[in-house]
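The values are calculated or read from the model by the stated rules, or taken from the named source; none is laboratory data. This structure is a prediction, so every number in the text was calculated from the model and none was measured. Because the Cβ atoms are built from the backbone with ideal geometry, glycine has one as well, and the counts that use them run over all protein chains shown.
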Amino acid sequence: MASFGIFICVIAAALTIAGVGGYFAGEQARSATATVSAAGEMGTQYAISQSDLQAGKYALAAQRLQWIITRQPDYPGAADALAQAQAALNQTEPPEPTVAPSSGQSAETLFNEAQGFYNAQQWGNAITRLRDVQAVDASYRADEVKAMLYTSLVTLGLQYLRDVRGDRLEEGIGLINEAEKIKPLDDTTAGERNLARLYQTGRTYDSINWQIAINNYEAIYNSAPTYRDVKARLLNAYVKFADQLALLGGYCDAAGLYQNALNIKHTDDVQTKLDTATTACANPTPTPEGGVTVTPGGPTLTPYPTATGGPEADTPVPTP
């Protein structure tokens, strides 16, 4: 009975930590992750960082490499690869210049300057000056100001959301949220904001709560499988969460997650893990004392909400 008691204690602790968030969250998830081979995890992250570099995803590559270096400063090739990623980031187009002080404070002068920025497609400067017009005289050519401001906000916001070289998703979402206060968004803009929100939420919960990350990544992958690196992130989340469940005896749930991972990409390592979990699920282990059988399926996993946005989104809301 001793071994069965230990198993029950572990599961109870996991459920307590998860709270309303679901199964295996918070500290229990981090503890389980820590038991997985650190060397293997760093190897995986390094391999993905190389793919990111080749795809021009320099910010993501730098993030992965910094994670590796903080844990193992002498990890082979990591420092050189990080330098490469940072050099590439420094070569991206310079940001739009800061708007110069206005030549006057009248609404007419500010509007004329805003129109010049707008016509030159200097969207950030146009936004700043149009806000100045509204601050000085909200009634001055109000419809024109709102129309120009809406276009500027949406155009710059979408540029940030679509820029895979940098990481300005939060800024892009903020700009589009501001535009929505002027008038409803078109379906394309709302859809891109929704994808960005889902992606941000998934990244927030990576390694902290894999189920939340999975739900957000799945929502993206099912509609836009080539969006940024969501395919690799979803695959990793399936395997990492399955590893945690298997570690705590939840072999049946783990088997389902391993199969999901194999549906994305077949690897011998994950196939071996699936075979092991499937066998353990089909053959519950009896305890040596009392004959009580432990069913290694674990509690039923509770679905997590996903971040949503846009008229086409039907999934439950929210983000962290």
| So residue 146 clears everything in (1) under 27 Å from the mean Cα position of the chain (by Cα); (2) at pLDDT 95 or above except one condition, right? Which one? | (1)
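Only one of 162, 129 is among the basic types (Lys, Arg) and crowded, with 16+ Cβ neighbours inside 10 Å. Can you tell me which? Steps first, answer last, please.
Numbers: 162 fails: crowded, with 16+ Cβ neighbours inside 10 Å.
None of the others qualify; the one that does is 129.
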| said: Please go through (1) surrounded by fewer than 19 Cβ atoms within 10 Å (Cβ to Cβ); (2) in contact (Cβ under 8 Å) with a residue 24 or more places away in the chain; (3) more than 27 Å from residue 44 (Cα to Cα) for residue 189 and return the number of the only condition it doesn't satisfy. | reply: (1)
| residue 239 being among the β-branched types (Val, Ile, Thr) and modelled with pLDDT of 95 or more | yes
| task | Tell me which residues, restricted to segment 192-226, are free of Cβ contacts under 8 Å to residues at least 24 places away in the same chain and either surrounded by 24 or more Cβ atoms within 10 Å (Cβ to Cβ) or among the β-branched types (Val, Ile, Thr) (or both). | result | 217, 226
| query | Does residue 45 satisfy the condition of being part of a helix (DSSP H, G or I), surrounded by 14 or more Cβ atoms within 10 Å (Cβ to Cβ) and modelled with pLDDT under 75? | reply | no
| remark: Among 198, 158, the single one that is at pLDDT 95 or above and hydrophobic (A, V, I, L, M, F, W, C) is 198
| query | Can residue 88 be described as closer than 30 Å to residue 236 by Cα, modelled with pLDDT under 80, of a type outside the set (Lys, Arg) and surrounded by 19 or more Cβ atoms within 10 Å (Cβ to Cβ)? | reply | no
